[in-house]
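The values are calculated or read from the model by the stated rules, or taken from the named source; none is laboratory data. What you are looking at is a predicted structure, and each value in this text was computed from that prediction instead of being measured. Here the Cβ positions follow ideal geometry from the backbone for every residue, glycine too, while neighbour counts run over all protein chains shown. Only protein heavy atoms, including side chains, enter the accessible area calculation; ligands, DNA and RNA are left aside. Shrake-Rupley method; radii C 1.70, N 1.55, O 1.52, S 1.80 Å.
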Amino acid sequence: MTGAASATSEASAPLTALEALQREARWATATPQQREVLKRIALQRDRWAAARQAREQALAQRAARTSVPVDAPLAERLMVFARLHPVATAGVAGLALLLGPRKLWRYGALALPWINKLRR
């Protein structure tokens, strides 16, 4: 019973690509040169898997965020605001479409000195 329990726990543990390769039959029959190539491929797959996992983890943390640090960049703060307040974002986008690009540039040029003064 303990042998079966250890086999299931060993099977459920995630293997690296290199460990999985070394358990395959082709690893035993490969020449040393082929083993080097297979080893490099397995290490590259492990790096890709780690990068994918880190990217997914960062996306999950970013999606779960409901507040923004004070020192966060403006773009990040705007994205979190847009995610938390979709109706207000749609209203601002609709107003921008209604005004048109010429008036947006004009009002932006007027508001920019005020915004810079508030940031200080």
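If you roll a 1.4 Å probe over the chain with all protein chains in place, what percent of the accessible area is carbon or sulfur? Ligands and nucleic acids excluded, carbon and sulfur give 64 percent. Mean separation of Cα pairs under 8 Å and 6 or more residues apart, divided by the residue count, gives the chain a relative contact order of 14 percent.
Accessible surface calculations at 1.4 Å, restricted to protein heavy atoms, place the chain at 86 Å² per residue. Sorted largest first, the spans of the alpha carbon positions of segment 70-119 along the three principal axes are 31, 28, 12 Å. Putting +1 on Lys and Arg Cβ atoms and -1 on Asp and Glu Cβ atoms, find which of Leu112, Ala88, Gln61 reaches farthest to the positive end of the dipole of the chain. Of the listed residues, the answer is Leu112. The charge dipole of the chain, taken about its Cα centre with unit charges on the Cβ atoms of Lys, Arg (+1), Asp and Glu (-1) only, comes to about 840 debye. Accessible surface for Glu36 stands near 110 Å², nearest 10, in the context of the full protein assembly shown (1.4 Å probe).
Can you tell me the FRET efficiency between Glu76 and Arg55 if r is taken as the Cβ-Cβ distance and R0 is 22 Å, rounded to the nearest 0.05? After rounding, the FRET efficiency stands at 0.85.
Enumerate the helices in the chain for which the Kyte-Doolittle hydropathy averages 0.5 or more and the C-alpha atoms extend at least 27 Å along the helix's axis, using complete DSSP H runs. Length and hydropathy pass: none found. Of the three principal axes defined by the Cα atoms of the chain, the extents in descending order read 74, 41, 31 Å.
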